[in-house]
Amino acid sequence: MADINRARLRGQLVENYDGLIRQLTRRLGSSDFAHEALHDTFLRLDRVTDAVAVRSPANYIFRTAINIAKDRQKARNYRVGATEIDALLDVCDDGPDPARVVEARSEIEAFKRALAELPERPREVLRSISIEGKPPHEVAARLQVSIRTVEGDLKLALSHCAECLGHALTYRLGGPRPRS
């Protein structure tokens with residue numbers, strides 16, 4: 001007596017397979033999609049119990065296939081397509097390439113060596129003005145020298161570092177550019 005619903009539903013599906021495919025194809029708009037939905041329906045029939053009698057097996061099978069097709073369509077809409085994946089993977093990497101990193105590290109080491117070769121006061125002037133952003137008059141007051149001496153020490157330090165690094169030093173009129 002057990003599995004009566006399951007047996008009736010499978011029998012109905014086998015007997016009316018072609019008719020169900022035609023109905024589903026019209027409803028879903030695709031023969032392939034109809035076949036997939038009906039195949040999944042067949043697999044789902046294994047879960048049917050005899051707790052409640054199925055009055056219309058043909059309608060039950062059709063309704064189940066439509067629901068499966070709707071669920072599949074929703075799942076497809078949530079998935080990311082191949083073109084979207086390509087677009088996500090084609091993100092430009094703004095980070096430096098390994099060769100540029102090695103070059104920058106080498107330049108930093110050369111700059112450190114150039115700083116170490118400088119006398120203490122020009123090195124302190126360069127660090128205070130260029131790195132810490134202190135104004136020349138403040139550096140002059142702290143070192144107890146004139147602003148002109150600070151400017152001369154800065155020029156000496158910049159020239160020495162540019163020469164050690166192989167960079168051309170550009171002189172501008174009007175002193176250093178104000179920091180924003």
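When you look at ILE66, is it surrounded by 14 or more Cβ atoms within 10 Å (Cβ to Cβ), touching a helix residue (DSSP H, G or I) at 6+ places or on another chain (Cβ under 8 Å) and under 30 Å from GLN23 (Cβ atoms), yes or no? Criteria met by ILE66.
Test GLY11 against the criterion of being among the small types (Gly, Ala, Ser), modelled with pLDDT under 90 and farther than 30 Å from CYS164 by Cβ, and give yes or no.
Against the criterion (among the small types (Gly, Ala, Ser), modelled with pLDDT under 90 and farther than 30 Å from CYS164 by Cβ), GLY11 qualifies.
Listed by first and then second residue, the pairs with beta-carbon distance under 9 Å, at least 6 apart or on different chains, first residue in the stretch 114-132 and over 9 Å from HIS160 (Cβ atoms) and without any contact (Cβ under 8 Å) to a residue 40 or more places away in the chain, second part of a helix (DSSP H, G or I) and of a type in the set (S, T, N, Q), are ARG121/THR149; VAL125/THR149.
Given the condition of a type in the set (Ser, Thr, Tyr), more than 30 Å from HIS167 (Cβ to Cβ) and in a helix (DSSP H, G or I), answer yes or no: does some residue in the stretch 62-72 qualify? Checking the stretch 62-72: at least one residue is of a type in the set (Ser, Thr, Tyr), more than 30 Å from HIS167 (Cβ to Cβ) and in a helix (DSSP H, G or I). Just one of the numbered conditions (1) surrounded by fewer than 16 Cβ atoms within 10 Å (Cβ to Cβ); (2) modelled with pLDDT under 85; (3) on the phi < 0 side of the Ramachandran plot is not true of ARG100: (2). Across the stretch 34-61, which residue is farthest from the chain's Cα centre (by Cα) among those that are assigned to a helix (DSSP H, G or I), closer than 12 Å to LEU9 by Cα and free of Cβ contacts under 8 Å to residues at least 40 places away in the same chain? Only one residue fits best here, namely ASN59.
Please work out if ALA37 is among the small types (Gly, Ala, Ser) and at pLDDT 85 or above.
Values: among the small types (Gly, Ala, Ser): yes; at pLDDT 85 or above: yes.
Here the answer is yes, as ALA37 does meet what is asked.
The values are calculated or read from the model by the stated rules, or taken from the named source; none is laboratory data. Note that this is a predicted model, so its numbers are computed, not measured. For neighbour counting, all protein chains shown are included, and Cβ atoms are generated from backbone atoms with ideal geometry for every residue, glycine included.
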